[in-house]
Amino acid sequence: MLSVNQILRSVRLADASARLSFLFPFLLCAAAAAFWFAGRVSAQETAYFVAYSHHLEEPGNLEIETYSIYGTQKGGGDFVAPWTELEYGVTAWWTTEFYIDSQHTFNDSTVFTGTRWENRFRPLMHEHWINPVLYAEFENTTDADKTLKEVVGFDSQFDAAEPNATANRSHTHELETKLILSSDYKGWNFSENFIGEKNLGHEPWEFGYALGVDRPLRLAATPQPCNLCRENIILGAEMYGGLGTVKAFTLSGTSRYVAPLVAWQLPNGVTFSLSPGFGLSDNAHRFLLRWGMSYEIGGFGRKLRSLFQ
Amino acid sequence: MKRLLLLTTLLFASLAAAAGAYHDRDTDSRGVFQVIAKAPAKARDQKNPYEGQPDAVAAGEKLFRQHCAECHGEDAQGRGRAANLRLAGVQNATPGELAWFLRSGNLVHGMPPWAGIPEQRRWQIITYLKSLGIATNSDASVRNVGSAPSSGRPLICLAGHPAVPQPWARTPFGDSVLA
């Protein structure tokens, strides 16, 4: 005979798989659209997973990205959290992005953890030594979200040890803001992000940071078309962590990570990325592994408009 | 809240002012588009390290197809709002001016800055662009016409209508496809 807990658990699993089965046709349509609208473009992108540079999506281009993170977990099952991003260049100075998050915790369950909508703006119309970008994101997620796209406040690996059944019941609406400062120098990109996050349910502001540096292996392009050549490979590293809250602005007791990264940008607009991450403080996950693929569709907006003319 | 509203209004007002400050197809006395010609003197005099190198032309063409052709067309002769890069307004610019413009972009008019690709690759693109030369008036494929040197008038109109008044070029039809 099934216990009440077992019944509840099976209902939740069915709910999660129903949501994932909703996502599957959506992703299939996105893939079909990608082939339909395929335009050969290659953007000027950095290899970062967490940090942002000042390079926005080119106007009218749509980038479909799918990423995942694997994390070790003390006091709970390890997890894999995949997320999908749709990034669109509205203008040369405004990029908007929509996220769908989910996660699977080993020996627990698979859950859909929410959506996020982000916008990035370049307030200065020219290139400078340091280029600011303003970032605003609205998050509608649950406490079971483990994508770790940012680390703020006193975020700890122990927050992620909570069983999905409990964590996924707690919905959070958050406003995340970032000041992105970024520079390009002799092929290197240096990015510094200062993060302020506010839970709209009367929680204090939490702060965090993300730093990134990367560079292509070869700066000049070869005359011949090539896929596996040094000019298409970018190496770099990220460092990110929390900075406490508005009441206790500190590095002490926060999580900190360092993550080398590599990206392989194919000339046809496909990019593969990989980044192992290492926790530098006691309450950080000991090991993280991020990987992902993105595909850029050039002139998506123009092609979409042409369908209705 | 009032302060936020005021800041937002100021931001949009300054963007609108920047957008209206000049028309992106106006030219200087050399026939170079103003948006390119306003490069700082230091940038204008920069030499292209790849000038005249056939390998750089080939690499530049490859990069052009990857990064630029989607907007400017495979033949670099413009598409929609994206300028024809074979016009005198572009081709008469010095390599240094083009390098500065490629790095800075023209955010208000939709051209993203390309500072994210290494400087060497930007020079390779410029080497390729310079190798294309100026499209002539008789070229049937000339599109997205832009302005003739010194006149500010669309090239395509100069042949048949030499007396087209200067303000015409400033209208929305100034960069229409007329050919």
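The values are calculated or read from the model by the stated rules, or taken from the named source; none is laboratory data. It should be emphasised that the depicted structure is a prediction, and the values quoted were computed from it without experimental measurement. Neighbour counts run over all protein chains shown; Cβ positions are idealised from the backbone, glycine included.
Scanning region A:54-85 for residues that are on the phi > 0 side of the Ramachandran plot and buried (at least 23 other Cβ atoms within 10 Å of the Cβ) yields one hit, A:G60.
One residue stands out among those in region A:259-294 that are within 14 Å of chain B (Cβ to nearest Cβ) and in contact with a strand residue (DSSP E or B) (Cβ under 9 Å, 6 or more places away or on another chain): the one that is farthest from A:T46 (Cα to Cα), which is A:N268.
In this entry, B:R121 passes the filter for residues that are within 10 Å of another protein chain (Cβ to nearest Cβ), among the basic types (K, R), buried (at least 20 other Cβ atoms within 10 Å of the Cβ) and touching a residue at least 24 places away in the same chain (Cβ under 8 Å).
Suppose we filter A:K186, A:K178 for residues that are basic (K, R) and under 17 Å from the mean Cα position of the chain (by Cα); which single one remains? Spell out how you get there, then give the answer.
Numbers: A:K186 fails: under 17 Å from the mean Cα position of the chain (by Cα).
Going through A:K186, A:K178 in turn, just one is basic (K, R) and under 17 Å from the mean Cα position of the chain (by Cα): A:K178.
If you take the residues in region A:142-168 that are hydrophobic (A, V, I, L, M, F, W, C) and buried (at least 18 other Cβ atoms within 10 Å of the Cβ), which one is modelled with the lowest pLDDT? By that ranking, first place goes to A:A160.
State yes or no: is A:K198 of a type in the set (K, R), assigned to a strand (DSSP E or B) and under 18 Å from the mean Cα position of the chain (by Cα)? Answer is no for this residue. In region A:294-308, of all residues being aromatic (F, W, Y) and under 26 Å from the mean Cα position of the chain (by Cα), the one that is modelled with the lowest pLDDT corresponds to A:F300. For region B:125-138, the condition of being buried (at least 22 other Cβ atoms within 10 Å of the Cβ), within 10 Å of chain A (Cβ to nearest Cβ) and at pLDDT 90 or above holds for at least one residue. Residue-level check: of (1) surrounded by 22 or more Cβ atoms within 10 Å (Cβ to Cβ); (2) more than 20 Å from A:A92 (Cα to Cα); (3) within 12 Å of the chain's Cα centre (by Cα), B:N84 misses just (2).
When region A:212-251 is limited to residues that are of a type in the set (S, T, Y) and part of a loop (DSSP other than H, G, I, E, B), the one that is farthest from B:I117 (Cα to Cα) turns out to be A:T250. If I ask for residues that are surrounded by 21 or more Cβ atoms within 10 Å (Cβ to Cβ) and over 17 Å from A:E45 (Cβ atoms), which ones from region A:221-242 would you list? Those that are surrounded by 21 or more Cβ atoms within 10 Å (Cβ to Cβ) and over 17 Å from A:E45 (Cβ atoms): A:Y240, A:G241, A:G242.
Is it the case, given these coordinates, that A:E206 is buried (at least 17 other Cβ atoms within 10 Å of the Cβ) and more than 14 Å from chain B (Cβ to nearest Cβ)?
Values: buried (at least 17 other Cβ atoms within 10 Å of the Cβ): yes; more than 14 Å from chain B (Cβ to nearest Cβ): yes.
Here the answer is yes, as A:E206 does meet what is asked.
Can you find, within region A:41-90, the residue that is farthest from the chain's Cα centre (by Cα) among those that are within 19 Å of A:N119 (Cβ to Cβ) and of a type in the set (A, V, I, L, M)? Among those that are within 19 Å of A:N119 (Cβ to Cβ) and of a type in the set (A, V, I, L, M), it is A:V90. Selection of region B:53-82 for residues being part of a loop (DSSP other than H, G, I, E, B) and either at pLDDT below 90 or within 14 Å of chain A (Cβ to nearest Cβ) (or both) yields B:Q53, B:C68, B:G73, B:E74, B:G78, B:G80, B:R81.
Can you tell me which of A:T84, A:T72, A:T46, A:T105 is among the β-branched types (V, I, T), in contact with an Asp or Glu (Cβ under 9 Å, 6 or more places away or on another chain) and either modelled with pLDDT under 95 or under 28 Å from B:R121 (Cα atoms) (or both)? Checking each option against the conditions leaves just A:T46.
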